[in-house]
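Notes follow the structure.
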Amino acid sequence: MTTQHRAGGARVLTSHAPALAVAPAAVGLAFLALPLVGLVVRAPWSELGAILGEPAVRQSLVLSLWTSALATVGAVAFGVPLAWVLARGRLPGRTLLRAVVTVPLVLPPVVGGVALLVVFGRAGIVGTWLDGWFGVSLPFTPAAVVLAQTFVAMPFLVVTVEGALRGPTSASRRRRRVSAPRGSRCCAG
């Protein structure tokens, strides 16, 4: 059901969720929230200082922060231009390219790891050349962690940025123009 009300002098359309969607939505929210609540409730808060003081834990945290930061830089450096091309480019095969970008979103983590190993492992498609030309072996290194994190994160970034760069869809623009007051130029774009 959609209703209209005034907020600050402007008409605002609000929509209520259909009754049939409320129960599954509540189950979905519980499915996502309860594991997080469980972590917070079961965490050994009284021992947190001692646990964080252990050298192995500190080393792991620092490594995680570094690899995450580098993966973020990589995802932004390569993902934003890719999103731009997908959103604004007029190239053949764009739909196929978009499909390739979204595949890592649905791959099980083990399959993604095996795929990265097939490419960047010592006997992999790229790994063989890296090892032969530069003596670089990626498996089981922090660099491999950065590659894996980038592989997982970049599709989310690309899909989000592409949607933002595309802006409102043509159907959305038509709705704005049709619903705008007569003679208004605010929504003509």
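A few points about this structure:
- Counted charge near LEU97, where neighbours are those whose Cβ lies closer than 15 Å (Asp, Glu -1; Lys, Arg +1): +4
- Rounded to the nearest whole Hz, the Karplus-based 3J(HN,Hα) values (6.51 cos²θ - 1.76 cosθ + 1.60, θ = phi - 60°) of the stretch 57-66 follow the sequence 5, 4, 4, 5, 5, 5, 4, 4, 5, 5, with x at glycine and proline.
- Each residue of the stretch 77-91 is assigned a 3J(HN,Hα), and the resulting list reads 4, 9, x, 5, x, 5, 5, 4, 4, 5, 7, 10, x, 10, 10 Hz, derived from the Karplus form 6.51 cos²θ - 1.76 cosθ + 1.60 (θ = phi - 60°), x at Gly and Pro.
- Alpha-carbon gyration tensor eigenvalues x 5, square-rooted, for the stretch 107-166, Å: 27, 13, 10
- The residues of the stretch 26-157 present an accessible area of 71 Å² per residue when probed at 1.4 Å with all protein chains retained.
- Area projected by the alpha carbon convex hull of the stretch 1-150, averaged over all directions, nm²: 17.1
- Length released on extending from TRP133 to HIS16, taking residue separation times 0.36 nm less the Cα-Cα span: 36.0 nm
- The stretch 69-116: C-alpha pair distances exceeding 12 Å, %: 70
The values are calculated or read from the model by the stated rules, or taken from the named source; none is laboratory data. Owing to the predicted nature of the structure, the values given are computational and were not obtained by experimental measurement. Note that we place each Cβ from the backbone using ideal geometry, even for glycine, and neighbour counts take in every protein chain shown. Note: areas computed on protein heavy atoms with side chains; ligands, DNA, RNA excluded. Shrake-Rupley method; radii C 1.70, N 1.55, O 1.52, S 1.80 Å.
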